[in-house]
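Reading through the structure tokens given below for one structure.
The values are calculated or read from the model by the stated rules, or taken from the named source; none is laboratory data. Quick caveat: nothing in here was measured; it's all calculated off a predicted structure. Cβ placement follows ideal geometry from the backbone for every residue including glycine, while neighbour counts extend to all protein chains displayed. Heads up: the accessible areas ignore ligands, DNA and RNA and are worked out on the full protein's heavy atoms, side chains in. Shrake-Rupley method; radii C 1.70, N 1.55, O 1.52, S 1.80 Å.
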Number of protein chains: 2
Amino acid sequence: MYRTNTCGELRLADAGREVTLAGWVQRTRKMGGMTFVDMRDRYGITQVVFNVETNPELQEKANKLGREYVIQVKGHVAERTSKNPKNPTGDIEIIADELNILNASELPPFTIEDDTDGGDDIRMKYRYLDLRRPAVRRNLELRHRMTMETRRYLDSKGFLEIETPMLVGSTPEGARDFVVPSRMNPGQFYALPQSPQTLKQLLMVSGMDRYFQIVKCFRDEDLRADRQPEFTQIDCEMSYVDQEDILDLFEGMAVHLFKELRGVELKRPFKRMSWDDAMRLYGSDKPDLRFGMQFVELMDIMKGHGFSVFDNAAYIGGICAKGAATYTRKQLDQLTEYVKRPQIGAKGMVYARVEADGNVKSSVDKFYSQEVLQEMKKAFGAEPGDLILILSGDDAMKTRKQLCELRLEMGNQLGLRDKNQFACLWVVDFPMFEWSDEEQRLMAMHHPFTNPKKEDIPLLDTDPAAVRADAYDMVINGVEVGGGSIRIHDSALQAKMFEILGFTPERAREQFGFLMNAFKYGAPPHGGLAYGLDRWVSLFAGLDSIRDCIAFPKNNSGRDVMLDAPAPLDQKQLDELQLEIAPEPEK
Amino acid sequence: MYRTNTCGELRLADAGREVTLAGWVQRTRKMGGMTFVDMRDRYGITQVVFNVETNPELQEKANKLGREYVIQVKGHVAERTSKNPKNPTGDIEIIADELNILNASELPPFTIEDDTDGGDDIRMKYRYLDLRRPAVRRNLELRHRMTMETRRYLDSKGFLEIETPMLVGSTPEGARDFVVPSRMNPGQFYALPQSPQTLKQLLMVSGMDRYFQIVKCFRDEDLRADRQPEFTQIDCEMSYVDQEDILDLFEGMAVHLFKELRGVELKRPFKRMSWDDAMRLYGSDKPDLRFGMQFVELMDIMKGHGFSVFDNAAYIGGICAKGAATYTRKQLDQLTEYVKRPQIGAKGMVYARVEADGNVKSSVDKFYSQEVLQEMKKAFGAEPGDLILILSGDDAMKTRKQLCELRLEMGNQLGLRDKNQFACLWVVDFPMFEWSDEEQRLMAMHHPFTNPKKEDIPLLDTDPAAVRADAYDMVINGVEVGGGSIRIHDSALQAKMFEILGFTPERAREQFGFLMNAFKYGAPPHGGLAYGLDRWVSLFAGLDSIRDCIAFPKNNSGRDVMLDAPAPLDQKQLDELQLEIAPEPEK
């Protein structure tokens, strides 16, 4: 037995007890004849005292300890003279009788403290040291509690966690698969699942009724910031349910998680918004509702007054930032630069201040009479002291997305996006399809198994682009934490869907034959939802990136710099797999 | 809302209630003017009645229902006249007012009942139908409860579930890796983990203190019966522990699981046996202790009496089957054939009966006096009515393994291996190394990170084959459900271990450099254990194979016959991965 107690649990009530602790040396301080060593483990920090008068040899040994040495200390618990109220063990210290060095440590490349990390590259290379920092460790603790509470909730609702296979078939639709060559079947490959979508539907066909799984999924995408090639999904599916049943049950889960993990009581029911409204009012399918600043469309008011930018625009719209009329010219220029950045792509920005007397003063005053400007002010419900910001463009959807970025930036600048406030929302009635310029065809906005809204089914033949789906996303603070849909359970409708998506019947059969076959034997109505665990943990942890709620994340090139993976294979392995590396294609 | 209740929950107390049920048609029976439909879902079966007198049209509709149709029935609960005590809902039936066919079904390829399955090939191809059979579904329910209870126990002991990556580096030691080509890094590959061994050790270096994970692992082995290329491990690791701490904690987990899942109270502490004793007394490192029949070695007694088979043997040993002297010549011949099968490989078998008068009658009487045979009888503690079975051979270890097979077979024949009895055992003190004829060198019996026993460390230089390890297996009913070890935490000792295993320093650094580096920065003493979830669930479920506790298993060629995976890739995918299929090598 290496320890009687952890470094986080001893209190004043333990004074006098003989204890043994084990842990890392956080730091040592020599003061007069005393040496103080802070010992750290996952549970906390305890101060150990070595006294030259009572045991000079032991103190000498303690003086030689380096940072991150692994030690074991035997001694007794004593009340401290100068207590540290910030540390839960701060009322006591250990008077050491024995010190064993369990392992030495070289000087770490960065100090193991919350506010020192040596930068991203070093952190990731030495992730095992980075994880010793309490700030990072707490994220993994939160993640553990989140999965425990999720399982507890779903289990209590009759869900069964069922593992689906990791080695499945490749479906070249959508994102790219990671593939796995099969040695036993040369020339053939498994794929790693992008999600267990079809398998969980088969589980519904098999009568499992309520399924969930917290499961790794894989997507071989060119990594943008905050994407990982492997990520974790809370994957759920239910039978004999309609959309209302699903939203209700998973709203309940969100309420449970917020209460248990953040101590926050959410109000039910969550707000709901159609995809159309979300795009129209916020320019986003995941609006951040911690603050208002809804878009106001200005085509009727601002068009046709000789300002050619607006006169030629397909969309003119703006937001009203309460109380921001104090923005200086410099601040406004910076905002203009912000929306003109290539990532956002606006051509320019028009602004207008509402002055104390109610007059509106704008950057385009020469084109607009005060009367028109007052009309505009009214449309925003703007008051003295408010700032109006307007964008326009020849593509309404693109312009709305630019205006969305501006709105979020103003939210940041005005401090309206408090990480400890949570605004939950269901976005519903998504379009079934979206047009792909790249593929020159309609693509499924969610996936090909999504049920079209019953009332829109006739449109499948006449105007598929107008068809809405029984699909829904849960959005919290502008983050899409999850989404799902009612699925098609009718094989004829599923076949029609594949047809609209450009599958030949052969290709549909080749790729999804097993599902279409299964639907012939009594598929129940079913639907479900999947949450992105990584994103949800980051949200709870108040992190800006998902990376720090993952123990060993990959970098933007998909590399694990600690393990140095991926790496070339031995020739023997390649031979066994009957694979050759092709020469680099000419560029 | 599709249903007010499931098909498993209505009772007599619900009589009179208006309800809506949804589920599958298990079967329909027409009796006089009544049609009875058994509706099935995950939760049970409820009888629905359609009456020609009250609603002829509805009854007509019910008469057309086929097996496995998906239906919704509205009606009210009524007490049955002829109750079915075998069915929890057997006191009631539903008098139907409305019948909706939610989905039709073709005639399934086999009947959805416990005792009809159409054979393994059909079952696996239509696994989604096979899973509808309650016998199969119950295995998945048990698996869910097993993982829930495992998590509950480990969480209560302060373990954190931490996900380790699935895309790691390849380590061509040991079993073969499944590999994953990296499109972003052409010519380079990830590997899927055979276990998170090194990663969980890094988590100990990072101070996580107590880690677990229920996690998919992958091994590209030629599949023997009851192996799967992907399998699930309950993977655990702890810091600042010695072997005793680990055995104690995981014994507690076994006790918890047996109690919660099987209602069995296990006695603690579990029996412990050294690997040496297990091999000597049972010829196996995973002895089935539900019954005795320990091996008795007979070299001293039986050698040198002119029976050349024994005189030339390196090992002579036998077992005593209580009360089996009644075995006929035919039965004994069959046993001899059994041990002579190529899978077992014994040359022959000697037997001896203890007769009512205490005399021993053997198949080699002409070589042995009754005096010698009595001595043998005494060695076994045999009594009148017992049967003694003896094997010999020129390789002691091989002969013991043959005798082990004979012992297990006798256990089966005498009904000593009751699936509802559980004999738990720790096998400890495993050898550190085993000699590989194929590789012509010592290999790690567990893995290269296993700590040698402190007292055996000097032998590393002089007689490595004699070194024992701090390694242990948990064995239940002859099944190794899990195993683990105390790990090396000293980088010098780890380097020495790699050297003994034939790694050059370069190769050790290339493959395990990250771990050896990590050990430089204060690695704590640590150890752990991993359970095979699939095996443990089969044990609880009383299954002979792991396959039926896996939702979608693969066959012996590693194929998923339902998904038809693996399969050839599109040329476009191969090009993107910069891969070519090599021509088939000449045989």
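Side notes on the structure shown:
- Under 5 Å from the amide H of residue A:488 lie the amide H atoms of A:450, A:451, each residue being 5 or more positions distant or on a separate chain, with H modelled from the backbone and absent for Pro and chain starts.
- C-alpha long axis of helix B:134-156 to longest principal axis of chain B, angle in °: 60 degrees
- Expected 222 nm ellipticity per residue - DSSP helices of 4 or more, -39500 (n - 2.57), all of chain B, to 500: -8000 deg cm²/dmol
- Residues whose amide H lies under 5 Å from that of residue B:579, counting only those 5 or more places away or on a different chain, are A:582; hydrogens are built 1.01 Å from N in the peptide plane.
- Distant-in-sequence amide H partners of residue B:20 (H built 1.01 Å from N, under 5 Å): B:4, B:5
- Accessible solvent surface per residue of segment A:432-573, calculated while the other protein chains remain in place, 1.4 angstrom probe, Å²: 38 Å²
- Accessible carbon and sulfur surface of segment B:12-103 relative to its total accessible area, %, 1.4 Å: 48 percent
- Heavy-atom accessible surface that A and B bury in contact, both chains counted, 1.4 Å, Å² to 100: 11100 Å²
- Burial ranking of peptide ranges B:162-169, A:521-528 (average Cβ count within 10 Å, highest at the top): A:521-528, B:162-169
- For segment A:112-119, 3J(HN,Hα) computed residue by residue from phi via the Karplus equation (6.51, -1.76, 1.60; θ = phi - 60°) reads 7, 9, 4, 9, 10, 9, x, x Hz, glycine and proline entered as x.
- Mean per-residue shielding of peptide A:66-73 is 3, counting Cβ atoms of other chains within 10 Å of each Cβ.
- Residue and distance (whole Å) for the chain A Cβ nearest the axis that superposes A on B: A:580, 2
- Of all aspartates and glutamates in the structure, the ones whose alpha carbon falls short of 12 Å from that of residue B:303, not counting any fewer than 8 places away in one chain, are B:311.
- Label-reachable residues, segment B:254-274, where backbone N falls under 18 Å from a point 7 Å from residue B:152's Cα toward its Cβ: B:254-266
- Pairwise Cα inverse-distance average, inverted: Kirkwood Rh of chain A (Å): 28.6 Å
- Taking θ as phi - 60° and the Karplus parameters 6.51, -1.76 and 1.60, the scalar couplings of segment B:249-266 work out to 5, 7, 4, x, 5, 4, 4, 4, 5, 4, 5, 6, 9, 10, x, 9, 9, 7 Hz in sequence order, x denoting glycine and proline.
- Angle between chain B longest axis and helix B:491-500 axis [Cα atoms, degrees, rounded to 10]: 80 degrees
- Nearest-0.05 FRET efficiency for residue A:31 and residue B:113, computed from C-beta distance (R0 51 Å): 0.05
- Accessible surface area normalised per residue over segment B:291-413 is 48 Å², counting heavy atoms of protein chains with a 1.4 Å rolling probe.
- Spin-label proximity, residue A:496 to segment A:444-476 - amide N less than 12 Å from point 7 Å beyond Cα toward beta carbon: A:452-464
- With every protein chain in place, segment A:360-429: carbon and sulfur % of accessible area (1.4 Å): 45 percent
- Entry comment: accessible area of segment B:12-103 is 47 Å² per residue, from protein heavy atoms only and a probe of 1.4 Å.
- Averaged over the residues of peptide A:199-206, the number of Cβ atoms from other protein chains lying within 10 Å of each residue's Cβ is 5.
- Links that overshoot a 20 Å alpha carbon limit, given the list A:286/A:401; A:347/A:398; B:157/B:200; A:286/A:347; B:340/B:377; A:259/A:419: A:286/A:347; B:340/B:377
- Going from the chain on its own to the full set of protein chains, segment B:207-223 has these residues losing 40 Å² or more of accessible surface (heavy atoms, 1.4 Å probe, no ligands, DNA or RNA): B:207, B:208, B:209, B:216, B:220.
- Ellipsoid semi-axes for the protein assembly as shown, based on the Cα gyration tensor and the rule √(5λ), read 59, 44, 29 Å when sorted largest first.
- Residues in segment B:155-177 occluded by at least 40 Å² - accessible area, probe radius 1.4 Å, against chain by itself: B:155, B:160, B:161, B:163, B:165, B:166, B:167, B:176
- Net length gained if the chain between residue B:372 and residue B:120 were fully extended (0.36 nm per residue, minus Cα distance): 85.5 nm
- Folded to 0 to 90 degrees: helix B:505-518 orientation relative to chain B principal axis, Cα: 60 degrees
- Take residue A:367, push a point 7 Å out from Cα through the beta-carbon direction, and compare it with the same point in every other copy: 11.1 nm, smallest first.
- Separation of segment A:110-163 and segment B:562-587, taken as the distance between their Cα centroids, equals 37 angstrom.
- Karplus-derived 3J(HN,Hα) values for segment A:530-547, using 6.51 cos²θ - 1.76 cosθ + 1.60 with θ = phi - 60°, are 9, 9, x, 4, 4, 5, 5, 5, 4, 4, 5, 7, x, 8, 8, 10, 7, 4 Hz; glycine and proline are entered as x.
- When B:353, A:176, B:127 are compared by accessible surface with a 1.4 Å probe, the order from highest to lowest is A:176, B:353, B:127.
- Placing R0 at 45 angstrom, the Cβ-Cβ distance between residue B:435 and residue B:359 gives a FRET efficiency of 0.50 after rounding to 0.05.
- Separation of alpha-carbon centers, segment B:262-292 and segment B:28-100, rounded to whole Å: 52 Å
- The alpha-carbon of residue B:572 sits under 17 angstrom from the alpha-carbons of these lysines, leaving out residues fewer than 8 places away in its chain: A:587.
- For residue A:64, the lysines whose Cα comes closer than 27 Å to its Cα, not counting residues fewer than 8 places off in the same chain, are A:30, A:74, A:83, B:454, B:520.
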